[in-house]
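I have placed the structure first, in the form of structure tokens, so that the comments after it can refer back to it.
The values are calculated or read from the model by the stated rules, or taken from the named source; none is laboratory data. Keep in mind the model is a prediction, meaning the values are calculated, not measured. Here the Cβ positions follow ideal geometry from the backbone for every residue, glycine too, while neighbour counts run over all protein chains shown. The area values use the complete protein model at the heavy-atom level, side chains included, leaving out ligands, DNA and RNA. Shrake-Rupley method; radii C 1.70, N 1.55, O 1.52, S 1.80 Å.
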Amino acid sequence: MAPRAPPLLLLLLVSAAAGSCGAALGDPAGLLRRAKEAEFVDWVVGVRRRIHENPELSYEEFATSELVRRELEAMGIPYRHPLAVTGVVATVGTGGPPFVALRADMDALPMQESVEWEHKSKVPGKMHACGHDAHVAMLLGSAKILQEHRDELQGTAVLVFQPAEEGGGGAKKMVEAGAVENIEAMFGIHIFDSVPIGVLASRPGPVMAGSGFFEAVVSGKGGHAALPHHTIDPILAASNVILSLQQLVSREADPLDSQVVTVGKFQGGGAFNVIPDSVTIGGTFRAFSKESFDRLKQRIEQVIVAQASVQRCSATVGFLEPSFPPVINDPELHDFFMKVAGKMVGPGDVREKQPMMGAEDFSLYSEAIPRTYYSFVGMLNETRGPQAAHHNPFFTINEDALPYGAAIQASLAARYLLEHQQHVAAAAKVEPRDEL
Ligand SMILES: *[C@@H]1O[C@H](CO)[C@@H](O)[C@H](O)[C@H]1NC(C)=O
């Protein structure tokens, strides 16, 4: 399949491949070596630490967005801003099709960091405890690698820095703002606590669950706790509602089709001797298919209303929007990922990832982009002691993982463009540049 090319073209290709930094864009292992060079590591770690020190919540990522834009400017990469309040969309390459996207989320969590270290969060009650600081740094790292090879890109890599992944549906707002028009494929990654350092992991098909949130008000009639017959007790009714909700998964769902219903909120009453008028309960439900998700949603509402009525209470049920569909990995992109990741870290360090009941708003991009794919970058290094989990106040990032995240995203984008461009050329029966 080697294209017939005159010696002059070969010479040009060789000199382009030998470019400023040694590795060819089509060589994932070479890009990883580039990302592990000391000066690159210092820079990408520095970026991550600056973001970590100044965590910002959903749709408030103003300083983070500004940092992203300054770094892009320093690299000479054009971008669009603002999209969805703080979002930034940068482009590297020809500016023409095909377009392939990479995505990072920028927001932190409303929790206090408990790790005592030099770059601890400087903002009380806010912390990057999920790793989005690392995601932004890694995507800027990918940007740097791609920009070093911009003349070799066979299309355009679109770098999407989005706000509000933690429940705010930032992905949906980015789609609505036109961030991903004309994109053929998009890759998202998450740095991950339980995947070993040096390992890249994913799976075809469902990888993260669909997630919805509900809230219900169960209303009765308040009164004296010693005279229950003069009241309609919503505490008892809500308690039975919760027990009934727990039977949706255990009795109605296929045991082989993983689902969760959790009531995490129960608020009502304020005195030992008073039965309150109403109780508010709320929770989340998870499933891996649209059918199971929609069925749970419908049954949650039915069960709350019907079970509340058994104790003569009324109930209103609301669902938070947006809900998040499951993250479903495109099977062809999975084969592609296995190939590229295998060339980067060796096939033995590309692992199958179990699906998780956690949710990701990355799935909202799949409603606008034909093919999407989500994978995990390992950071567990047991010789450094135990690794605190995501969303834990003791969460830390193993910064050794940052070069892997930078290099795999750059490789996925570059090779996707290369292969897709070749596909277009073959389909159109275009001779490979013999006119040179
Ligand atoms: C794990 O941590 C140890 C101690 O810091 C380090 O020497 C080693 O290189 C790390 N392993 C990997 C694969 O990064």
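Some points to look at:
- Annotation note: of ASP335, ASP349, the sole residue that is within 16 Å of the ligand (Cβ to nearest atom) and not aliphatic (A, V, I, L, M) is ASP349.
- Residues satisfying the stated conditions in region 99-124, i.e. more than 24 Å from ALA84 (Cβ to Cβ) and either without any contact (Cβ under 8 Å) to a residue 60 or more places away in the chain or open to solvent by 40 Å² or more (accessible area, probe 1.4 Å) (or both): GLN112, SER114, GLU116, TRP117, GLU118, LYS120, LYS122, PRO124
- Any hit, region 347-354, residues being farther than 16 Å from CYS130 by Cβ, touching a residue at least 40 places away in the same chain (Cβ under 8 Å) and open to solvent by less than 50 Å² (accessible area, probe 1.4 Å): yes
- One residue stands out among those in region 175-194 that are open to solvent by less than 10 Å² (accessible area, probe 1.4 Å) and touching a Leu at 6+ places or on another chain (Cβ under 6 Å): the one that is nearest to the ligand (Cβ to nearest atom), which is PHE187.
- If you go through region 271-288 and keep only what is in a strand (DSSP E or B) and open to solvent by 60 Å² or more (accessible area, probe 1.4 Å), you end up with just VAL274.
- Residues in region 289-322 that are over 32 Å from the mean Cα position of the chain (by Cα), among the hydrophobic types (A, V, I, L, M, F, W, C) and surrounded by fewer than 15 Cβ atoms within 10 Å (Cβ to Cβ): ALA306, VAL310.
- Strands (runs of 3 or more DSSP E) wholly inside region 127-232 containing at least 3 residues that are under 30 Å from PHE272 (Cα atoms): 210-219
- Filter result for the condition that a residue is touching a helix residue (DSSP H, G or I) at 6+ places or on another chain (Cβ under 9 Å), in contact (Cβ under 8 Å) with a residue 40 or more places away in the chain, of a type in the set (A, V, I, L, M, F, W, C) and more than 16 Å from VAL100 (Cα to Cα), over MET208, MET186: MET208
- A residue that is in contact with a helix residue (DSSP H, G or I) (Cβ under 7 Å, 6 or more places away or on another chain), over 30 Å from TYR404 (Cβ atoms) and of a type outside the set (Gly, Ala, Ser) cannot be found anywhere in region 288-295.
- Enumeration of residues in region 365-382 that are crowded, with 24+ Cβ neighbours inside 10 Å and more than 14 Å from the ligand (Cβ to nearest atom): TYR365, THR372, TYR373, TYR374, SER375
- Within region 199-227, considering residues that are open to solvent by less than 10 Å² (accessible area, probe 1.4 Å) and of a type outside the set (A, V, I, L, M, F, W, C), the one nearest to VAL303 (Cα to Cα): GLY212
- In summary, strands (runs of 3 or more DSSP E) completely within region 309-391 and bearing 1 or more residues that are of a type outside the set (Lys, Arg), at pLDDT 95 or above and in contact with a Leu (Cβ under 7 Å, 6 or more places away or on another chain) occur at 350-352, 371-380.
- The residues in region 383-406 that are open to solvent by 50 Å² or more (accessible area, probe 1.4 Å), touching a strand residue (DSSP E or B) at 6+ places or on another chain (Cβ under 8 Å) and within 10 Å of the ligand (Cβ to nearest atom) can be counted, and the count is 1.
- Taking the numbered list (1) within 14 Å of the ligand (Cβ to nearest atom); (2) at pLDDT 95 or above in turn, LEU417 passes all entries but (1).
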